[in-house]
Amino acid sequence: MVNNVAMKDKKTLSAEDWAMAALDAIAEDGVTAVAVEPLARKLGVTKGSFYWHFANREALLEAALHLWEKQETQDVLTRIGDEPDPLSRLQRVFYKVDASHRTSRQYMALAAAAGHDPMIRAVVTRVSEERMAFIFDCYRALGLEEDDARRWAATAYSLYLGILQFRWDLPDALPAEAESPAYQAYMAHFTKVLIPDLTTIQESSGS
């Protein structure tokens, strides 16, 4: 006899739903929280739904990493890249990367696990390389020479990573509500630090 509940679980819960739940678990409790039974309970389904989509936990983790990589590169950078002004692109990417507590915790958890898991390390490296390349291109578009643009991009991205660690260690030390005046003032200062003197660049280019 067919188990109707199990069949319903299999049909209504997608592989992406499981991957998203795994990312939520990573944000809350780290990579070790990606486990079939706890996730099934949280999703309100049977383990049969999991095995309908995945052979094992490793396959789920791989799907979660693929989804995270897409969200953190293609979904974010492609939208921001549509902005024609490079200064606006930089400002938007700085605001975007610091706006999500969930995203910050996901990155920190994955970076911590990357040291002993080659699959995670490869994904974290690709995401960082793509972010760095995007930021570098913005600085180049502002008129910086290649070496200068590379230094500014490295400074910007290393500061961003430092802020993630800072938020992890002291979550209440920086404003977190993206719409609050305190957050807006904080991000205005953040972007001011990371935007070079465009007047100097333009004068240098014109000389």
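The values are calculated or read from the model by the stated rules, or taken from the named source; none is laboratory data. Computed from a predicted structure; not experimentally measured. Note: ideal-geometry Cβ built from the backbone for every residue, glycine included; neighbour counts use all protein chains shown. Accessible surface is based on the protein model in full, side chains and every heavy atom, while ligands, DNA and RNA are left aside. Shrake-Rupley method; radii C 1.70, N 1.55, O 1.52, S 1.80 Å.
Among residues of region 140-158 that are in contact (Cβ under 8 Å) with a residue 60 or more places away in the chain, those with a Cβ under 7 angstrom from a residue that is aliphatic (A, V, I, L, M), sequence gap 6+ or separate chain, pair up as G143/I201; A156/I135; A156/L194. Are any of the residues in region 164-179 modelled with pLDDT of 90 or more, within 21 Å of Q71 (Cα to Cα) and touching a Ser or Thr at 6+ places or on another chain (Cβ under 7 Å)? No, that holds for no residue. Determine whether region 105-125 contains at least one residue that is under 19 Å from the mean Cα position of the chain (by Cα) and of a type in the set (S, T, Y). Within region 105-125 (the criterion being under 19 Å from the mean Cα position of the chain (by Cα) and of a type in the set (S, T, Y)), the answer is yes, since at least one residue qualifies. Which residues, counting only those in region 38-65, are part of a helix (DSSP H, G or I), open to solvent by 10 Å² or more (accessible area, probe 1.4 Å) and hydroxyl-bearing (S, T, Y)? Correct list: Y51 only. If you check P84 against the conditions, is it over 17 Å from the mean Cα position of the chain (by Cα), open to solvent by 30 Å² or more (accessible area, probe 1.4 Å), within 24 Å of H189 (Cα to Cα) and not acidic (D, E)? Spelling it out, P84 is indeed over 17 Å from the mean Cα position of the chain (by Cα), open to solvent by 30 Å² or more (accessible area, probe 1.4 Å), within 24 Å of H189 (Cα to Cα) and not acidic (D, E). Which of the residues belonging to region 18-29 are modelled with pLDDT under 95 and in contact with a helix residue (DSSP H, G or I) (Cβ under 7 Å, 6 or more places away or on another chain)? Of everything in region 18-29, just one residue is modelled with pLDDT under 95 and in contact with a helix residue (DSSP H, G or I) (Cβ under 7 Å, 6 or more places away or on another chain), namely A27.
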